[in-house]
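Engineer: I'd like to ask some things about the structure below.
The values are calculated or read from the model by the stated rules, or taken from the named source; none is laboratory data. No experiment lies behind these values; they were computed from the predicted model shown. Cβ: placed from backbone, ideal geometry, glycine included. Neighbour counts: every protein chain shown.
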Amino acid sequence: MSIDQQISEYYDKLLKRNAGEPEFHQAVSEVLDSLKVVLGKDPHYADDGLVERLCEPERQLIFRVPWIDDKGDIQVNRGFRVQFNSALGPYKGGLRFHPSVNLGIIKFLGFEQIFKNSLTGLPIGGGKGGSDFDPKGRSDREIMRFCQSFMTELQRHIGEYRDVPAGDIGVGGREIGYLFGQYRRLSNQHESGVLTGKGLTWGGSLVRTEATGYGLVYLTAEMMRTHKESFGGAKVIVSGSGNVALYAAEKAQQLGATVVAMSDSSGYITTPNGVDVDALKDIKEVRRERISAYVEEVGNGAQYHAGGNIWEVEADVALPCATQNELDGESAKLLVANGIRYVAEGANMPCTPEAVHYFQANGTAFAPGKAANAGGVATSALEMQQNATRDSWSFEYTDGRLHQIMSNIFKNVERTARDYGCEGDYVAGANIAGFKKVADAMLAQGVI
């Protein structure tokens, strides 16, 4: 049987076994497509059911989360933790609180996390978790009660040498604080390494807040450098206006770019003279208002577009930082027609397969999220190091470590793509480089 037939047969089996999980199917399909060249060159990676084991989580947890709202009514949500692969180290991956969360989305995120964590070069495995709880419109007390109930169950399954969650969409510093407080209460110990993204006064790390956005820009700068370009003078679109988007915009402008558009779920703003990031942070992070408020308060040539498509804006670099599958094939055509030259994913899988193929077919340099947005988890691992040694590093030192990690990730991805005959294909390079490190560890440790 040919390699193509083996992969196709296994994928068909996976679809039947994991019905109704399209995001998970999409993530696995992309990796398996890249692995065809690996299995052709290094056939021992097909031994011992390695691919099948890699695509099956080590553990999937689903649990009830009952809590009491401010009216005294009982609410019930569903919690998830998928511990996908621990060959390289303890499971590591964020918690997402959003009404769209289901098992398939958590599995997709956890599967991606395996390769992302592998690429950092740090000893962390892959996992992900969350709940269909929606924190929007809820009071701080309601969020606290939900987090306490969620952690009451989750605490049985995590630990600094077992599984180390962090934040993701809907889980910021406030939520991590409530989660950690309940863990500490139940465990009767200050096990600071059990969660990352903590406050600076109780075990957190400098740069963790900025890490995913900064890391995205550091890797994109490395990609641009291979084409003898830089952020200096570049026009940049950043979708979203959450943590990743805000700090990506900040770092891009620090490097000389002009961020010409940003968005939220209501629409987008065009900012031909650049974004006042501090003002937007106040609107989105402190006051939690819509992005339209930016135009009313800051002005400076900015315009608000209700709904619409941010990818219609002309730019040199696009950084999709909102959510999965936000940039489809039609939007990719718009970007290419408008002269886009670089696309790097700040969110997890924000570009559909059709968009990725169109970018690659039309000469647009494309960096996938498992490489480009690895800065957050890399700095979480640095936070774990500081917790383990009871140490605290300076902003400059930690930022330097992050910059070096992101530079190393790109160089590894670029080199691997070249070694396997697909130079310039950073999707294949990331998938193969991430896979090989995990696969080597799994083969060395036996069938477990």
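Engineer: Please pick out the residue among D134, D69 that is modelled with pLDDT of 95 or more, in contact with a helix residue (DSSP H, G or I) (Cβ under 6 Å, 6 or more places away or on another chain) and surrounded by fewer than 17 Cβ atoms within 10 Å (Cβ to Cβ).
Structural biologist: Just a single option satisfies the conditions, and that option is D69.
Engineer: Same structure, new question: Looking at (1) touching a residue at least 24 places away in the same chain (Cβ under 8 Å); (2) touching a helix residue (DSSP H, G or I) at 6+ places or on another chain (Cβ under 6 Å), can you tell me which one V356 breaks?
Structural biologist: With respect to (1) touching a residue at least 24 places away in the same chain (Cβ under 8 Å); (2) touching a helix residue (DSSP H, G or I) at 6+ places or on another chain (Cβ under 6 Å), V356 is out only on (2).
Engineer: Sticking with this structure for a sec: Is it true that H227 is of a type outside the set (A, V, I, L, M, F, W, C), part of a loop (DSSP other than H, G, I, E, B), assigned by TED's automatic domain parsing to the domain that holds E345 and surrounded by fewer than 19 Cβ atoms within 10 Å (Cβ to Cβ)?
Structural biologist: Values: of a type outside the set (A, V, I, L, M, F, W, C): yes; part of a loop (DSSP other than H, G, I, E, B): yes; assigned by TED's automatic domain parsing to the domain that holds E345: yes; surrounded by fewer than 19 Cβ atoms within 10 Å (Cβ to Cβ): yes.
For H227, the condition - of a type outside the set (A, V, I, L, M, F, W, C), part of a loop (DSSP other than H, G, I, E, B), assigned by TED's automatic domain parsing to the domain that holds E345 and surrounded by fewer than 19 Cβ atoms within 10 Å (Cβ to Cβ) - is met.
Engineer: Of everything in the range 186-221, what is surrounded by fewer than 20 Cβ atoms within 10 Å (Cβ to Cβ) and part of a helix (DSSP H, G or I)? Give them in sequence order.
Structural biologist: L186, S187, G193, L200, T201, W202, listed by residue number.
Engineer: Please verify whether A315 is touching a residue at least 40 places away in the same chain (Cβ under 8 Å), touching a strand residue (DSSP E or B) at 6+ places or on another chain (Cβ under 9 Å) and closer than 24 Å to G400 by Cα, treating the condition exactly as stated.
Structural biologist: no
Engineer: Inspect the range 166-175 for any residue being assigned to a helix (DSSP H, G or I), on the phi < 0 side of the Ramachandran plot and surrounded by fewer than 19 Cβ atoms within 10 Å (Cβ to Cβ) and give the result as yes or no.
Structural biologist: yes
Engineer: Since V317 meets every condition but one in (1) surrounded by 20 or more Cβ atoms within 10 Å (Cβ to Cβ); (2) modelled with pLDDT under 95, which condition does it not meet?
Structural biologist: V317 satisfies all of (1) surrounded by 20 or more Cβ atoms within 10 Å (Cβ to Cβ); (2) modelled with pLDDT under 95 except (2).
Engineer: Quick check on the range 293-301. Is at least one of its residues among the β-branched types (V, I, T) and without any contact (Cβ under 8 Å) to a residue 24 or more places away in the chain?
Structural biologist: Yes: one or more hits.
Engineer: In the set G267, G233, G240, which member is out of contact with any Leu (no Cβ under 8 Å at 6 or more places or on another chain), free of Cβ contacts under 8 Å to residues at least 40 places away in the same chain and on the phi > 0 side of the Ramachandran plot?
Structural biologist: After ruling out the rest, the residue left standing is G233.
Engineer: Give the residue, chosen from E354, E383, that is of a type in the set (D, E, K, R), under 17 Å from S34 (Cα atoms) and within 23 Å of the chain's Cα centre (by Cα).
Structural biologist: Numbers: E383 fails: under 17 Å from S34 (Cα atoms).
Sole residue among the options that is of a type in the set (D, E, K, R), under 17 Å from S34 (Cα atoms) and within 23 Å of the chain's Cα centre (by Cα): E354.
Engineer: Out of curiosity, is E191 modelled with pLDDT of 95 or more and over 17 Å from the mean Cα position of the chain (by Cα)?
Structural biologist: The answer is no for E191.
Engineer: Taking the condition of being of a type outside the set (G, A, S) and not in a strand (DSSP E or B), how many residues in the range 230-270 meet it?
Structural biologist: 10
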